[in-house]
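Here the structure comes first, spelled out in structure tokens, and everything after it is commentary.
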Amino acid sequence: MPADTIHRIDCPGTPSAVWSALLEAGLCDEESRTLHLQHADVRLHRRSTGVGVRGRARWMGVPYRVTAHLLPVGASTRLVITGREDARAVALSALLRRRARRLASRDLRRLARATCVQSARTAVLVRD
């Protein structure tokens, strides 16, 4: 069973503010319901505004399921982004799967950090 890649980060702001930051950091195309990351595009399947999102992506041809959840924690919001190799990827070579996992982890970590930075910018603008 392949391991998940999980990234947790506490971002300033409400879940709705962090949601907007997530879509902006992921260069979301509302028409195609797609987040554009550095090495892959995440096609969004289920969205619960201000709560979370599910989608699918391919890194180096390896299919992944991606989720993002927003959890209120006091005055901030915890963003949890996971990427899990799809069960159909088992037939692919181990080397390809390792490289894809490294890229997926890197992209999802960058998305989490960019979301938090964007959320912090928004919080500063609202405060001023």
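Which residues, counting only those in the stretch 30-47, are open to solvent by 60 Å² or more (accessible area, probe 1.4 Å) and either of a type outside the set (Lys, Arg) or under 12 Å from the mean Cα position of the chain (by Cα) (or both)? Steps first, answer last, please.
Let us first name the residues in the stretch 30-47 that are open to solvent by 60 Å² or more (accessible area, probe 1.4 Å), namely 30-31, 33, 36, 38-39, 41, 43, 45-47.
Residues satisfying the conditions are Glu30, Glu31, His36, Gln38, His39, Asp41, Arg43, His45.
For Glu85, state whether it is in contact with a Pro (Cβ under 6 Å, 6 or more places away or on another chain) and farther than 17 Å from Thr122 by Cα. Can you show your working first?
Numbers: in contact with a Pro (Cβ under 6 Å, 6 or more places away or on another chain): yes; farther than 17 Å from Thr122 by Cα: yes.
Taking the combined requirement at face value, the residue satisfies it.
For Ala123, only one of the following conditions fails: (1) in a helix (DSSP H, G or I); (2) open to solvent by 80 Å² or more (accessible area, probe 1.4 Å). What is its number?
Condition not satisfied by Ala123: (2).
Examine the stretch 80-100 for a residue that is assigned to a strand (DSSP E or B) and either over 22 Å from Arg8 (Cβ atoms) or polar (S, T, N, Q) (or both), and state whether such a residue exists. Write out each step before concluding.
Within the stretch 80-100, the subset assigned to a strand (DSSP E or B) is 80-85.
Cutting the leftovers down to either over 22 Å from Arg8 (Cβ atoms) or polar (S, T, N, Q) (or both) gives us 82.
Yes; the residues of the stretch 80-100 include at least one that is assigned to a strand (DSSP E or B) and either over 22 Å from Arg8 (Cβ atoms) or polar (S, T, N, Q) (or both).
Test of understanding: among Val90, Val66, Val80, which residue is open to solvent by 80 Å² or more (accessible area, probe 1.4 Å), among the β-branched types (Val, Ile, Thr) and either out of contact with any helix residue (DSSP H, G or I) (no Cβ under 8 Å at 6 or more places or on another chain) or within 27 Å of Ser119 (Cβ to Cβ) (or both)? If you could, list the steps in order and put the result at the bottom.
Working: Val66 fails: open to solvent by 80 Å² or more (accessible area, probe 1.4 Å); Val80 fails: open to solvent by 80 Å² or more (accessible area, probe 1.4 Å).
So the residue among Val90, Val66, Val80 that is open to solvent by 80 Å² or more (accessible area, probe 1.4 Å), among the β-branched types (Val, Ile, Thr) and either out of contact with any helix residue (DSSP H, G or I) (no Cβ under 8 Å at 6 or more places or on another chain) or within 27 Å of Ser119 (Cβ to Cβ) (or both) is Val90.
Which condition number in (1) closer than 12 Å to Leu22 by Cβ; (2) over 14 Å from the mean Cα position of the chain (by Cα); (3) assigned to a helix (DSSP H, G or I) is the one that Thr77 fails?
Among (1) closer than 12 Å to Leu22 by Cβ; (2) over 14 Å from the mean Cα position of the chain (by Cα); (3) assigned to a helix (DSSP H, G or I), the lone unmet condition for Thr77 is (3).
Starting from the stretch 6-29, keep only residues that are farther than 9 Å from Thr77 by Cβ and assigned to a strand (DSSP E or B), then list their pairs with residues that are open to solvent by 70 Å² or more (accessible area, probe 1.4 Å) and of a type in the set (Asp, Glu) whose Cβ atoms are within a distance under 9 Å, requiring at least 6 positions of separation or different chains.
Matching pairs, first to second residue: Asp29/Asp41.
Here are Gly61, Gly13, Gly50, Gly74: which of them is among the small types (Gly, Ala, Ser), modelled with pLDDT under 95 and open to solvent by 80 Å² or more (accessible area, probe 1.4 Å)? Before the answer, list the steps.
Details: Gly61 fails: open to solvent by 80 Å² or more (accessible area, probe 1.4 Å); Gly13 fails: open to solvent by 80 Å² or more (accessible area, probe 1.4 Å); Gly50 fails: open to solvent by 80 Å² or more (accessible area, probe 1.4 Å).
Only one candidate qualifies: Gly74.
Any residue at all in the stretch 40-59 that's among the acidic types (Asp, Glu), farther than 20 Å from Ala114 by Cα and assigned to a strand (DSSP E or B)? Talk me through it step by step, then tell me what you get.
Looking only at the stretch 40-59, we keep the residues that are among the acidic types (Asp, Glu), and these are 41.
Remaining after also requiring farther than 20 Å from Ala114 by Cα: none.
Within the stretch 40-59, none of the residues are among the acidic types (Asp, Glu), farther than 20 Å from Ala114 by Cα and assigned to a strand (DSSP E or B).
The values are calculated or read from the model by the stated rules, or taken from the named source; none is laboratory data. What you see is a predicted model, and the numbers here were worked out from it, not measured in a lab. All Cβ positions, even for glycine, are placed from backbone atoms using ideal geometry, and neighbour counts span all protein chains on display. What goes into the accessible areas is simple: the full protein's heavy atoms, side chains included, and nothing from ligands, DNA or RNA. Shrake-Rupley method; radii C 1.70, N 1.55, O 1.52, S 1.80 Å.
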